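The values are calculated or read from the model by the stated rules, or taken from the named source; none is laboratory data. All values derive from a computational prediction rather than experimental measurement. Counting neighbours? That spans all protein chains shown, and the Cβs are built from the backbone with ideal geometry, glycine included.
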Amino acid sequence: MEFRASLNKIEEIKERIEELEAALRNCENRIEDRDHIMREAVVQIREVTDHLQTLAVQANVLSVKYELESSRGQELASLLRKIRVLSIRAKSCL
């Protein structure tokens, strides 16, 4: 009887091990999915940063040109300075 109980216990442990292995595989798959999503997000952030830097250069040129011309030009220059700040902040995130 004791031998039979031991065999049953061994079978229960084997089933539990299989359940835990399946749960582990599931977690590993989820981690791989998250890693892929994070890599894609980093690529997109870099693209946005590059675009913002291009805009910042253009903003710098335009702000110098329009700053002196009128109150609307000064308003535009202010907005362009904000673009430059965003560009710098985006770059620091990388």
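Among the residues in region 48-59, are any without any contact (Cβ under 8 Å) to a residue 60 or more places away in the chain, among the charged types (D, E, K, R), within 29 Å of Arg89 (Cα to Cα) and surrounded by 10 or more Cβ atoms within 10 Å (Cβ to Cβ)?
Yes, there is a match, as at least one residue in region 48-59 is without any contact (Cβ under 8 Å) to a residue 60 or more places away in the chain, among the charged types (D, E, K, R), within 29 Å of Arg89 (Cα to Cα) and surrounded by 10 or more Cβ atoms within 10 Å (Cβ to Cβ).
Any idea which of Glu12, Glu28 is under 25 Å from the mean Cα position of the chain (by Cα), more than 30 Å from Ser87 (Cα to Cα), among the charged types (D, E, K, R) and assigned to a helix (DSSP H, G or I)?
Glu28
Results for (1) in contact with a helix residue (DSSP H, G or I) (Cβ under 9 Å, 6 or more places away or on another chain); (2) modelled with pLDDT under 85, shown as yes or no for each residue.
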| position | (1), (2) |
| --- | --- |
| Phe3 | no, yes |
| Glu12 | no, no |
| Glu15 | no, no |
| Glu19 | no, no |
| Leu24 | no, no |
| Asp35 | no, no |
| Thr49 | yes, yes |
| Leu62 | yes, yes |
